[in-house]
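Below is one structure, written out as structure tokens; comments come after it.
The values are calculated or read from the model by the stated rules, or taken from the named source; none is laboratory data. Keep in mind that what you see is a predicted model, and the values were worked out from it rather than measured. As a convention, Cβ positions derive from the backbone with ideal geometry for all residues, glycine included, and neighbour counts pool all protein chains shown. Side chains included, ligands, DNA and RNA excluded: accessible areas come from the protein's heavy atoms. Shrake-Rupley method; radii C 1.70, N 1.55, O 1.52, S 1.80 Å.
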Amino acid sequence: MSTTAQAHPNIALVKYWGKQDGTGNLPATPSLSITLDTLQTTTTVEAAQGSDRLYFDDKAADDPKILAFLAELRRLYDIPPLTVRTQNNFPAGAGLASSASGFAALTTAIDAECELGLSRSTLSALARMGSGSAARSIFGGFVALEGPAWEARQVLAPTEWPLTTIVVITSSEQKRIPSTTGMTLSKQTSPYFPAWVTSTRADFDLGLLLVARRDFDALAELAEQSCLTMHALMLSTRPPLLYWNTATMACIEAIREMGQAGLSVFFTIDAGPQVKAVCLPQAAEEVRSTLQQISGVEQVLTAGLGNGASICLS
Ligand code: 2P0
């Protein structure tokens with residue numbers, strides 16, 4: 001007996017960066033995201049003899065974050081030792097939210113394999129203990145994550161406002177500073193951290209309103225602002241967190257030029273050098289062809305809005 005689940009990464013339009021003190025991996029800021037469709041993580045779990053075994057792309061792996069997550073789940077539920085096999089169809093650990101889709105798929109697979117019968121809200125809260133952004137990948141479409149429960153919820157289904165995301169990969173190397181470490185450093189050392197928390201709460205409320213109104217232009221301004229404010233926080237961290245490369249900057253400039261020329265597109269960037277251009281579907285082809293010609297761009301992927309994590313029926 002084994003169970004396979006799949007989940008998609010999500011991209012935050014209003015960003016999460018920083019945690020509350022204490023246990024449970026509670027974010028310091030609310031966040032608002034879109035779940036992507038074509039990028040995906042597929043995870044299979046089955047009961048093992050003795051101890052947990054992890055395989056990434058069929059290679060044995062030792063991932064302390066996953067092992068700690070399994071230990072945390074076992075404090076709450078009766079879960080046997082597991083063999084976990086995970087595959088991504090996109091580069092992992094490079095700022096493309098592989099931990100979001102990874103923990104969402106893993107939590108969903110364990111729920112089914114161990115017959116826990118958990119609600120989506122509970123799955124989201126559990127996935128959050130693995131990775132904050134994973135709480136959002138349990139759901140599809142537009143997704144909000146806020147306190148006090150810190151369980152994500154769907155704001156709009158994928159079909160209610162279909163947007164296209166062009167994912168521009170400018171380096172597939174693993175990032176040097178993982179998000180969790182970076183968030184801790186930002187909170188400990190950036191003089192801007194308190195202002196970031198305050199401004200993000202306001203951005204989140206405005207984001208919910210703009211999504212409900214399907215106001216693309218205002219959402220574009222807000223999402224770019226949230227992204228740049230987060231990167232300003234990262235830059236003001238000691239040691240500084242500079243995730244961009246030359247191609248990242250060139251893509252930002254190209255997207256701003258397309259926006260000024262009247263195309264409905266905006267950029268967002270996470271803890272890595274990749275650029276995500278979010279656009280109305282009718283602008284997608286022009287955005288894609290412009291970005292793939294930029295020097296330093298390695299690969300360009302296109303995604304629509306995707307569904308939440310689900311079990312794969314064999
Ligand atoms: C986000 N990021 O809102 C932000 C924007 C990256 C930049 O959430 O420590 O892997 O596991 O909770 O979720 C990436 O951080 O961090 C992230 P942990 P996570 O999407």
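Between the Cα long axis of helix 120-130 and the first principal axis of the chain there is an angle of about 90°, rounded to the nearest 10. Note that region 219-226 has calculated 3J(HN,Hα) couplings of 5, 4, 5, 5, 5, 5, 5, 4 Hz, one per residue in order, obtained from phi through the Karplus relation 6.51 cos²θ - 1.76 cosθ + 1.60 (θ = phi - 60°); glycine and proline are x.
Below 8 Å, C-alpha to C-alpha, sequence gap of six or more: please give me the relative contact order for the chain in percent.
26 percent
Computed from the Kirkwood radius of its Cα pairs, the Stokes-Einstein diffusion coefficient for region 164-303 at 37 °C and 0.692 mPa s stands at 208 µm²/s. Each Cα pair under 8 Å and six or more residues apart adds its sequence gap; the mean of these over the residue count of region 3-157 is a relative contact order of 29 percent.
Accessible surface ranking for 166, 311, 1.4 angstrom probe, highest first: 311, 166. Ranking 220, 231, 241 by how far each Cα lies toward the positive end of the dipole of region 209-294 (charges on Cβ) leaves 241 at the top. Other residues with beta-carbon under 13 Å from the beta-carbon of residue 161 carry, at +1 per Lys or Arg and -1 per Asp or Glu, a net charge of 0.
If only the Cβ of Lys and Arg carry +1 and only the Cβ of Asp and Glu carry -1, the dipole of region 164-303 around its Cα centre is close to 500 debye.
Under the definition of Cα pairs under 8 Å and six or more residues apart, what whole-number percent is the relative contact order of region 164-303? Mind showing how you got there, number by number?
On the way: 189 pairs, mean separation 60.1, N = 140.
Here the relative contact order equals 43 percent.
Under the convention that each Lys and Arg Cβ holds +1 and each Asp and Glu Cβ holds -1, the size of the dipole of the chain around its Cα centre is about 560 debye. For residue 187, a cut-off of 14 angstrom between C-alpha atoms picks up these aspartates and glutamates, skipping any fewer than 8 places away in its own chain: 21. Specify which residue in the list 154, 4, 28 is farthest towards the positive end of the charge dipole of region 3-157, using unit charges on the beta carbon of Lys, Arg (+1) and Asp, Glu (-1), about the Cα centre. Most positive-ward Cα: 28.
Using heavy atoms of the protein chains and a probe of 1.4 Å, the accessible area assigned to residue 107 is about 10 Å². Taking the square roots of 5 times each eigenvalue of the Cα gyration tensor of region 3-157, largest first, gives ellipsoid semi-axes of 23, 17, 14 Å. Using a probe of 1.4 Å on the protein chains alone, the accessible area found for residue 21 is around 130 Å². Under Stokes-Einstein, with the Kirkwood radius over Cα pairs as Rh, the value for the chain at 10 °C and 1.306 mPa s is 81 µm²/s. Computed over neighbours whose Cβ is under 15 Å from that of residue 1, the net charge equals -3, Lys and Arg +1, Asp and Glu -1. Shown in residue order for region 298-305 are the 3J(HN,Hα) couplings computed by the Karplus curve 6.51 cos²θ - 1.76 cosθ + 1.60 at θ = phi - 60°: 8, 7, 10, 10, 10, 9, x, 7 Hz (x for Gly and Pro).
What net charge is computed for the residues neighbouring residue 150, neighbours being all others with C-beta under 13 Å from the C-beta of residue 150, Lys and Arg scored +1, Asp and Glu -1?
For residues surrounding residue 150, the net value is +2.
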